[in-house]
Structure formats: structure tokens, C-alpha cells
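The values are calculated or read from the model by the stated rules, or taken from the named source; none is laboratory data. Quick caveat, the model's predicted, so the values are computed rather than measured. Every residue, glycine among them, receives a Cβ derived from its backbone with ideal geometry; neighbour counts consider all protein chains shown. With ligands, DNA and RNA removed, areas are computed over all heavy atoms of the protein, side chains included. Shrake-Rupley method; radii C 1.70, N 1.55, O 1.52, S 1.80 Å.
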Amino acid sequence: MTQQKEMEGRVAVITGAGSGIGKAAALLLAREGAKVVAISRTDEEINQTIDEVRKAGGEGIAIPADVSKEEDMKRVYAEVEKQYGRLDVVFANAGINGVWAPLDEIELDEWKQTIDINLTGTFLTVKHALPLLKKQGKGSIIVTASVNGTRIFTNTGSTAYSSTKAAQVAFTQMMALELAKHKIRVNVVCPGAIETKIEETADRRNIETIKEPVEFPEGTIPLTDGKPGSSEQVADLVLFLASDRASHITGTPIWIDGAESLLLG
């Protein structure tokens, strides 16, 4: 007798699904039976994600969209409703590092870009998912924040990024209480150093001029002697939070960092 897959029949929207944590989560949720809707600004990357989903026997669609644009996110959920008629899981994962620099050197448009994608993008991803989630009568929303701005404040220059990550935790906890009566759970994962492409989006300028010199000769990730975590490890956590195994967990930030933030925080 074939054992039923954990996410069988459910539909999951994943933003930032073209690489890193989002892609790993898309592949894992699809492997567990979910129909995956992969969202990213980069058409080629999400098409590759869905190709891999299908080659592994899963099901899904790719929808190019910018999470910071309301019309794009309205279009995403209209397509989800048209294709599947339901929504069970939202993984609001899209984000950028943006510009890391001394505060007096950060331009307003640089600040706004980080806020728009990381925070406004989370707001729009969740807001426009709610009609479908409420119609379903339950659901799971998972947000990707970070150790930065929540436990770690030593990455000088990351003011815009860290501010969005702190705000995502507050947003998650506000939504958890607001949506509890609809049986919609809202949780937030806070990764530490993870091997992803997000570092490629960082623009660091003159941060050495404001950095406090600290040296950790044994490395900064105690659990692994300095080795970063993997996207697949974060995906495992996302699957748990999306599943019925986490049915009584909501409004909870979970740090996944090998104790990095306990050392640096």
C-alpha cells in the first residue's frame, strides 16, 4: 500500500522560487505531493524550477511576477484560482540584501528598493492570498526573515535589510493573531548563514569604516564549526511549518542558524 504524501492535494505559492531556499522548498513540497506555484521576477529561473519539479514527478506552474507590484500579485492569485481553485500554503520568501553602507551614504531610492521588495513584497504576497486561504477555511503562511535585525545587530551597514527583517517578524505575529479565527497559521523562519545566491544581490560600500572589529578564531557557526547551512535544511523547516505536524504552531519565529545568532547576537 502506497503511503499518502504529506502535502497531497494542496497548493503552495512560493515567492523567490528561482533559486536558493525558495527553489529547495518548491522541490521538497512538490515531492511531498503539493502543486507548486513558483514566483520570481526571473522567468528563466522559475521555469527551470518547475521543469525539475515535473521531472521528479511533481506538478506546478511558473508565474513571473514582482512581489513589490500589487498588480503582479493580484494576477498571481487570479491565476492560482483559475488553475487550481484553492490555496493552502504561502511561502513569502522573496527578498534582497540591497545596499549595505553607512547610513549617511545610503540613498533614498536604495532604502526604498529594499523596503519595497522585502517588506512591501511580504505584505502584498500575504494580503492577496487571504481571499483564497479564507475560502479554504485553513492554511499556512511562512515568511522568510533573517537572524539580522532579529538576533544579530553586528552586521554594520545592513540597516535597511535588518529593518525589513525585524518588521517581518512583527508582521508575522500580528497576522498570526488576526488570522487565527480563520484557522490560518502564520510563522517566520530566520535563517543564518545559508549557501544561497542572495549574497550576489548585496552591494556593500565602505562598511569597513563603521564595522566594530571582532574576531572569532573558531568560526561563527558553533554547530558546524563555521560551515553555512543549506537551502535544503531550511526547506525541511518550511515543510514542517506547512504541514499538519505544525497544526498548533502560529506566530512563532524559528531561528535556523546552528547557534550563530547566539554567539553574535
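Within the stretch 206-239, restricting attention to residues that are open to solvent by less than 60 Å² (accessible area, probe 1.4 Å) and in contact with a helix residue (DSSP H, G or I) (Cβ under 6 Å, 6 or more places away or on another chain), the residue that is modelled with the lowest pLDDT is Thr220.
Considering the conditions (1) in contact with a helix residue (DSSP H, G or I) (Cβ under 8 Å, 6 or more places away or on another chain); (2) open to solvent by less than 50 Å² (accessible area, probe 1.4 Å); (3) under 21 Å from Ile184 (Cα atoms), Trp100 is excluded by exactly one of them, (3). Just one residue in the set Ile141, Ile117 is hydrophobic (A, V, I, L, M, F, W, C) and in a strand (DSSP E or B); that residue is Ile141. Scanning the stretch 56-65 for residues that are assigned to a loop (DSSP other than H, G, I, E, B) and crowded, with 18+ Cβ neighbours inside 10 Å returns Gly58, Ala65. I want to confirm something. Restricting to the stretch 253-265 and keeping residues that are in a loop (DSSP other than H, G, I, E, B) and in contact with a Lys or Arg (Cβ under 9 Å, 6 or more places away or on another chain), which single residue is farthest from Leu28 (Cα to Cα)? For the stretch 253-265, the residue satisfying everything is Gly265. Tell me yes or no: at least one residue of the stretch 114-125 is open to solvent by less than 30 Å² (accessible area, probe 1.4 Å) and in contact with a Pro (Cβ under 8 Å, 6 or more places away or on another chain). No: the stretch 114-125 contains no residue that is open to solvent by less than 30 Å² (accessible area, probe 1.4 Å) and in contact with a Pro (Cβ under 8 Å, 6 or more places away or on another chain). Of Thr156, Thr150, all but one fail to be modelled with pLDDT under 95, in contact with a Lys or Arg (Cβ under 8 Å, 6 or more places away or on another chain), outside any helix (DSSP H, G or I) and not hydrophobic (A, V, I, L, M, F, W, C); the exception is Thr156. Does any residue in the stretch 243-265 that is touching a residue at least 40 places away in the same chain (Cβ under 8 Å) come within less than 6 Å, Cβ to Cβ, of a residue that is part of a helix (DSSP H, G or I) and hydrophobic (A, V, I, L, M, F, W, C) six or more places away or on a different chain, and which pairs are these? Matching pairs, first to second residue: Ala246/Phe240; Thr250/Ala176; Gly251/Ala176; Pro253/Val169; Ile256/Val234; Ile256/Leu237; Gly258/Leu223.
The residues of the stretch 127-174 that are closer than 27 Å to Arg10 by Cα, surrounded by 21 or more Cβ atoms within 10 Å (Cβ to Cβ), aliphatic (A, V, I, L, M) and touching a residue at least 60 places away in the same chain (Cβ under 8 Å), listed by number, are Ala129, Ile142, Ala145. For the stretch 1-55, filtering for residues that are of a type in the set (Asp, Glu), in a loop (DSSP other than H, G, I, E, B) and open to solvent by 70 Å² or more (accessible area, probe 1.4 Å) leaves 1. Do you know which residues across the stretch 82-92 are part of a loop (DSSP other than H, G, I, E, B) and either hydrophobic (A, V, I, L, M, F, W, C) or open to solvent by 20 Å² or more (accessible area, probe 1.4 Å) (or both)? Within the stretch 82-92, Tyr84, Gly85, Arg86, Leu87 qualify.
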